[in-house]
Each structure stands twice: as C-alpha cells, then as structure tokens.
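Taking it in order: structure first as structure tokens, then the write-up.
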Amino acid sequence: MYGDTAVQIGEKCYKAFHKRSTPCPWCMSLDTIETGSVRRRILPYPSAEEPEKWIERSFFPLKNADNEIIGVIEYSKDITERKRSEEREIQMQAQLIQAQKMQAIGTLAGGIAHDFNNILSAGIGFSELALTKVPEGNQLS
C-alpha cells in the first residue's frame, strides 16, 4: 500500500508516507510520545478527496524496562470493507427513513381523501333530496 517497505525501514512516517520534511501537525506518534497514551485514527487513503481505501492507524508507546517511552509502535490495518459496509448501512437507513416518510404521506393523503369523500357524499345526498322536491318540467330536474 505504501510502496517499497525496504526503503521505509528506519524512516520517519512523515517522510515515508506523507513525503514531508517535518512532522505533520496532526502527528499521532508525537502525541503518543508526549502523553504515553494509545491513539487510534481512521484515515482515507490515498487522500480525503478520493479515498480508495480506509486505514485504521494505531499508535502504542514503546517503553523500556524503566517504563520510559523510547519510541512508538505504529500499526496500520486496512478497514476498507468495514467502512464500505458502514456506508451501505447508512444509505439503507436513509432509504428506509425516506420510505417511511412516503408511507406516512400516503396514509395522510388517504385520510384526507376519505374525509373529503364524506363531505362530498353529504352534499350529493342533500342535492338528490332537493331534486325530488323540484316540480316536473323545471329546468333543475
């Protein structure tokens, strides 16, 4: 994924992976060294604009026998399939919500149509009753 690993051995990650001459402002390795805490980060690869893959990077403090931090162990894991699965799930949830909205609108429209039909039925019924009172030959009959 990152090219020739033999060239990267002993290199700083900002040189090997990011082609930078100084550490990245978001450097999790430096943060791990400063705090002694394990850090994890999910990153798009090769770029956020057009990610082809997703990588979970973990950073662990490397300590000596005196419990002093002497380095960082970086672990990268390809989580592309998991990320794509999560994205599909989000899309499916959005489709489900849209379908539920459409169903609710359909139910509402059906209720309105039913109520409107009830009103029209009364009007039609009274009109038919009124027509029975109209004399023969009248232009209303």
Can you tell me how many residues within the range 92-134 are part of a loop (DSSP other than H, G, I, E, B) and either surrounded by 10 or more Cβ atoms within 10 Å (Cβ to Cβ) or small (Gly, Ala, Ser) (or both)? 1
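The rows are residues; the columns are (1) in a helix (DSSP H, G or I); (2) out of contact with any helix residue (DSSP H, G or I) (no Cβ under 7 Å at 6 or more places or on another chain); (3) open to solvent by 100 Å² or more (accessible area, probe 1.4 Å); (4) free of Cβ contacts under 8 Å to residues at least 40 places away in the same chain.
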| position | (1), (2), (3), (4) |
| --- | --- |
| Ala65 | no, yes, yes, yes |
| Lys77 | no, yes, no, yes |
| Arg82 | yes, yes, yes, yes |
| Glu86 | yes, yes, no, yes |
Kindly check whether there is at least one residue in the range 38-55 that is touching a residue at least 40 places away in the same chain (Cβ under 8 Å) and not in a strand (DSSP E or B). no
Which numbered condition in (1) assigned to a strand (DSSP E or B); (2) open to solvent by 50 Å² or more (accessible area, probe 1.4 Å); (3) under 17 Å from Phe17 (Cβ atoms); (4) in contact with a Phe, Trp or Tyr (Cβ under 9 Å, 6 or more places away or on another chain) is the only one that Ser58 fails? (2)
So which of Leu120, Leu129, Leu62 is modelled with pLDDT of 90 or more and farther than 21 Å from Ser29 by Cα? Leu120
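The values are calculated or read from the model by the stated rules, or taken from the named source; none is laboratory data. Every value quoted in this text rests on a predicted model; they were computed, and no experiment measured them. With ideal geometry, Cβ positions are generated from the backbone for all residues, glycine too; neighbour counts draw on all protein chains shown. Remember, those area values only see protein heavy atoms, side chains included, never the ligands or the DNA or RNA. Shrake-Rupley method; radii C 1.70, N 1.55, O 1.52, S 1.80 Å.
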